[in-house]
Amino acid sequence: MSVDLLRQIAHYEKLSRQLDPDHEQRSAWGQMGLEHVLGFLQNLKGNKMFWLGPDQAKKVLDYEPPDEGIELEEVLQLIHEELDEKGLKASSGGHMAYIPGGGLFPSGLGDLIAAICNYYSGAFYVAPGAVRIENILIRWVAEMIGYDPKSCQGNLSSGGSYAGLIAMHTARESLNISSRDIPQTVIYLSQQTHHALEKALKVIGMKEAVYRRVPMDADFRMIPAELDKLIQADLAAGLTPAILIGSMGTTDVGAVDPLDALAEISEKYGLWFHVDAAYGGFFMLLDEFKQKYPGLARTDSMVIDPHKGLFMPWGTGMVVVREGKKLLNTFASDAAYLQDLIEDDVEYSPSDLSPELTRHFRGLRVWMPLQLFGVSSFKAALREKLLLTQYAFHRFQQMDGIELPLQPQLTVILFRNFSPDSDNNAFNQKLIKGILEDGRVFISSTKINEKIYLRLTILHFRTHLEEVRLFFDLLETQRQKLLRPKNVD
Ligand SMILES: *Cc1c(COP(=O)(O)O)cnc(C)c1O
C-alpha cells in the first residue's frame, strides 16, 4: 500500500467528514432551526400573511450553491427575508383562498425524523415498519369511505394530482384500453372537474379520447339523468363509455356530485367510477357525511389529500383503489412474485403500487399527528370549519348588496357584491385587490358564466372565529371605501 494513497485518503476523509457534523454542531444547528420555526409560529397570528409586490424574492438568486459553505445564521436570515415575507404564508389562519393547506407541528417532527434517519420506505422486506405505517393510514382512509380495507390497496403520493394520475392509469390498465381504442373511448366529467385529472389523462396518453362534460344543476352537481342520456347516445354511436369522474368537493365551488346515483349508472354500464375527494374526502370522518355519501364506497378509485382536509404539510396526497389487485397489476414490476405474497401478514410495498421506487417516507408526517392528537381532534376541527362556514354564510346573508349563488355544500362560499354603477366584475376585482393589499387574510376569485365571484374557503386548522371576523371587517372596510363617493377636500 503506497504511503501516498493513505495520505490522500486521510486528506479527503478530513474534508468529507464535514458532511457529518459532530454532536455539538448538530445540537447547535438543531437549536437554531427550531428557534427559527418557533419564532415564525409566534409571529403568525393576526399578522400580514400575503405580500403582493415587485420584489419577487430576487435575493435568492445570489445564493447559487457556493464552493465553500456559509454560516447557518446567514441561511436562516435569507429564508426569513425571502420566504417568510414574500408571497403567501400558507401556514396562516388567514389563508382562506383556493383550498387551504395545513402544516401541523408534529408533521414537521415526523419529517425531521424521517429525513435524518432516512428510513427507506419503498419495499416491505427492508422497511417493514415504514410500509406498515403507510398501509395502516391507507386502510384507515379506506374504512372511513367504506371500502373493504382487506381488499383495497393505495399509495401515499406527493399530492392529489399525482394520486389522480395513478388512479387514471389504473383505470386504463384495468379496462384494457389500448392505444388503438382511445379515439372511441369516452370519459365523463363535468365543467367543475379539477384540471389535474385532464392533465393526468394527457400524461397517460389519452388526450385523444372523447371527453363529455355532463350538464350540472344550479348547485354545480352532475345531473345523473343527463349522464345516462350521454352514455346512451355514445353507445348508439358505437363509442365505448369507459371512465366516470365525480367530485366530492370541487375546488371551485365545493360541489359534491350525487355519488350514489353516479355509482348506480357506473355499475349499469360497467364504467370505472373515480371520485376526486382531494378537498372534501376527510369530511367523511363525520357521521352525517358517512350517512349522506355511501356512494363513495361504490367507486373504483378515489383520491384524497391529507395536505388539505387533514391539515398536513404540502406534499401529501393519497389514492385508494377498491380492488387492490388492480393497482398491483398496474404497477407491480414482477407480478409472478406477488403470487407468493397473498399471506395475511404481508404488506404490499409502495414500489409495487405506484410509479415510484425510492421515495420520501411520507407516512411519518401523517401518522405522527394522528397518534399525538387522536382522530377526535381532527373531527372537531372539521366540525368547527363547517360551523364557521355557516356563520360566514349567515353574515353574508345579513349584508346588503351581496349575491350568494349557491348554498355551501362543504366549506367554500362564493359571493359577489353588486356594484352601484353596474360593472360588477370591475367592482369585485377592486374589492379583492383591497383585501389582498391589507394582507392579513387571503381569498381568491373565480369566474362563472363570465361573472367574477370571490371565494372564501374555510379549511385551515388555524382559521377560527377570530380570523373569519377579521375577514368580514376587511370586507366591510373595502366596501365602504368603494361605495362611498370620494371626498372632495
Ligand atoms: C387540490 C385539488 C386537486 C389537486 O391536488 P394537488 O394536491 O394540488 O396536486 C385535485 N382535485 C381537487 C378537487 C383539489 O381540490
Do we have Lys268 as away from the ligand (no atom under 15 Å from the Cβ), open to solvent by 10 Å² or more (accessible area, probe 1.4 Å), in a helix (DSSP H, G or I) and in contact (Cβ under 8 Å) with a residue 60 or more places away in the chain here?
no
Listing of strands (runs of 3 or more DSSP E) fully contained in the stretch 392-484 that carry 2 or more residues being open to solvent by 10 Å² or more (accessible area, probe 1.4 Å)
444-448, 451-457
So if I check each of Leu259, Leu201, Leu197, Leu235, which one is farther than 29 Å from Thr389 by Cβ, within 16 Å of the ligand (Cβ to nearest atom) and not acidic (Asp, Glu)?
Leu201
Members of the stretch 148-163 that are within 7 Å of the ligand (Cβ to nearest atom) and not in a loop (DSSP other than H, G, I, E, B):
Gly160, Ser161, Tyr162
So, Arg213, is that one closer than 17 Å to Leu271 by Cα and open to solvent by 50 Å² or more (accessible area, probe 1.4 Å) or not?
yes
Return yes or no: is Arg139 surrounded by fewer than 23 Cβ atoms within 10 Å (Cβ to Cβ), assigned to a helix (DSSP H, G or I) and either within 16 Å of the ligand (Cβ to nearest atom) or within 25 Å of the chain's Cα centre (by Cα) (or both)?
yes
Show the residue pairs that are 6+ apart or on different chains and have beta-carbon atoms under 6 Å apart, the first residue being within the stretch 281-294 and among the hydroxyl-bearing types (Ser, Thr, Tyr), the second being buried (at least 24 other Cβ atoms within 10 Å of the Cβ).
Tyr293/Leu259
Of all residues in the stretch 91-108, which are open to solvent by 20 Å² or more (accessible area, probe 1.4 Å) and either within 16 Å of the ligand (Cβ to nearest atom) or part of a strand (DSSP E or B) (or both)?
Tyr98, Gly103
Out of Phe461, Phe471, Phe442, Phe427, sole residue that is hydrophobic (A, V, I, L, M, F, W, C), farther than 19 Å from Pro408 by Cβ and touching a residue at least 12 places away in the same chain (Cβ under 8 Å)
Phe427
Cβ-Cβ under 6 Å pairs, at least 6 apart or on other chains, the stretch 143-159 side touching a residue at least 12 places away in the same chain (Cβ under 8 Å), far side open to solvent by 10 Å² or more (accessible area, probe 1.4 Å) and within 16 Å of the ligand (Cβ to nearest atom):
Leu156/Arg362; Ser158/Gly315
Residues of the stretch 170-194 classified as open to solvent by 40 Å² or more (accessible area, probe 1.4 Å), in a loop (DSSP other than H, G, I, E, B) and either under 16 Å from Val321 (Cα atoms) or within 12 Å of the ligand (Cβ to nearest atom) (or both), total:
2
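The values are calculated or read from the model by the stated rules, or taken from the named source; none is laboratory data. Quick caveat: nothing in here was measured; it's all calculated off a predicted structure. Please note: Cβ atoms are built from the backbone with ideal geometry, for glycine as well, and neighbour counts cover all protein chains shown. Areas reflect the complete protein model, heavy atoms only, side chains present, ligands, DNA and RNA absent. Shrake-Rupley method; radii C 1.70, N 1.55, O 1.52, S 1.80 Å.
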